[in-house]
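Shown next, in structure tokens, is the structure this report addresses.
The values are calculated or read from the model by the stated rules, or taken from the named source; none is laboratory data. Being a predicted model, the structure only gives us computed values, none of them experimental. Note that each Cβ is placed from the backbone with ideal geometry, even for glycine, and that neighbours are counted across all protein chains shown. To get the accessible areas, we keep the full protein, side chains included, count just its heavy atoms, and leave off ligands, DNA and RNA. Shrake-Rupley method; radii C 1.70, N 1.55, O 1.52, S 1.80 Å.
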Amino acid sequence: MSHTFDTARVTLIDHPLVQHKLTILRDAATGTKQFREIVRELALFEGYEVTRDFPLEDVDVETPLAVAHGKRIAGRKVAVVPILRAGLGMVEGMLDLMPSARVGHIGMERDEVTHEPREYYCKMPRDIAERTCIVVDPMLATGGSAIDAVHALRRRGVRDLRLVFILAAPEGLEALLAADPDIRVYVCAIDDHLNEQAYIVPGLGDAGDRIFGTL
């Protein structure tokens, strides 16, 4: 089955170090500690790309020798929003890069029969509508949880909405991009397809179980 989606709104982060670390994640022999560390590292790599277009303003600072003409982020406020529970594994990597970001949480649970998501928790910063919102989740499979998260954040007034995944299935990308014309997606790899159980193939298994050791 062929899939089409708006590639202009998808940033594929294929840096050599990203590809190397992703291969380790895919390996079934990789243990929980290393898996968790690499998920955090990949989130940081992706954070560089997510923030690439943040506006700058001019600023002068005194070095030990002279005045330097520099740049700084121009007042951009950020919220990182993990989709629970696997998205929690990416939060610290984002905060390593943006330590002043606020963190909201959306809890989504997948029905193992219907494969449809169910929201069971949502807690956001009070000023979420004024922030650039970066939603993080290691896996984009059917797209159901991500679409529900997008709708939940749009209802709360979020305008600048960016979604960050480590792996995506083409089916999920197609559904997610069709659900909202203004979102942007960042991903380290786009895999082949979903299997009958709606798992990404070749994928890396259940990211939440591998991050938290609940296999």
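Within the stretch 65-75, if we keep just the residues that are of a type in the set (A, V, I, L, M, F, W, C) and surrounded by 10 or more Cβ atoms within 10 Å (Cβ to Cβ), the residue that is modelled with the highest pLDDT turns out to be 68. Looking at the stretch 51-58, is at least one residue outside any loop (DSSP other than H, G, I, E, B) and among the polar types (S, T, N, Q)? Within the stretch 51-58, none of the residues are outside any loop (DSSP other than H, G, I, E, B) and among the polar types (S, T, N, Q).
Checked against (1) farther than 26 Å from residue 209 by Cβ; (2) open to solvent by less than 90 Å² (accessible area, probe 1.4 Å), residue 62 passes all but a single condition, namely (2). I need the full set of residues from the stretch 31-47 which are touching a residue at least 24 places away in the same chain (Cβ under 8 Å) and either open to solvent by 20 Å² or more (accessible area, probe 1.4 Å) or of a type in the set (Val, Ile, Thr) (or both), in order please. Hits for the stretch 31-47 are 32, 36, 39, 40, 41, 44, 45.
Going by the structure shown, is residue 103 modelled with pLDDT of 95 or more, of a type in the set (A, V, I, L, M, F, W, C) and open to solvent by less than 30 Å² (accessible area, probe 1.4 Å)? So residue 103 does not fit the description; no. Of all residues in the stretch 167-199, those that are farther than 23 Å from residue 26 by Cβ and assigned to a strand (DSSP E or B) total 1. The single condition among (1) closer than 28 Å to residue 198 by Cβ; (2) out of contact with any Leu (no Cβ under 6 Å at 6 or more places or on another chain); (3) not in a strand (DSSP E or B) that residue 65 does not satisfy is (1). Taking residues in the stretch 189-202 that are open to solvent by less than 60 Å² (accessible area, probe 1.4 Å), and partners anywhere that are modelled with pLDDT of 90 or more and among the acidic types (Asp, Glu), the pairs with Cβ atoms closer than 9 Å and at least 6 places apart or on different chains are 189/14; 194/171; 198/171; 200/191; 200/192; 201/191; 201/192. When the residues of the stretch 9-18 are filtered to those that are out of contact with any strand residue (DSSP E or B) (no Cβ under 7 Å at 6 or more places or on another chain) and touching a residue at least 24 places away in the same chain (Cβ under 8 Å), which remaining residue is farthest from residue 190 (Cα to Cα)? So, considering only residues that are out of contact with any strand residue (DSSP E or B) (no Cβ under 7 Å at 6 or more places or on another chain) and touching a residue at least 24 places away in the same chain (Cβ under 8 Å), the one farthest from residue 190 (Cα to Cα) is 17. Given the criteria out of contact with any Gly (no Cβ under 7 Å at 6 or more places or on another chain), β-branched (Val, Ile, Thr) and not in a loop (DSSP other than H, G, I, E, B), does residue 164 qualify? It is true that residue 164 is out of contact with any Gly (no Cβ under 7 Å at 6 or more places or on another chain), β-branched (Val, Ile, Thr) and not in a loop (DSSP other than H, G, I, E, B). Only a single criterion out of (1) surrounded by fewer than 20 Cβ atoms within 10 Å (Cβ to Cβ); (2) under 18 Å from the mean Cα position of the chain (by Cα); (3) assigned to a loop (DSSP other than H, G, I, E, B) is not satisfied by residue 126, namely (2). Does residue 22 satisfy being under 25 Å from residue 175 (Cα atoms) and either assigned to a loop (DSSP other than H, G, I, E, B) or among the aliphatic types (A, V, I, L, M) (or both)? The answer is yes for residue 22. Screening 50, 78, 91 for residues that are in contact (Cβ under 8 Å) with a residue 60 or more places away in the chain and open to solvent by less than 30 Å² (accessible area, probe 1.4 Å) leaves exactly one candidate, 50.
Within the stretch 78-101, how many residues are part of a helix (DSSP H, G or I) and more than 18 Å from residue 131 (Cβ to Cβ)?
Matching residues across the stretch 78-101 total 5.
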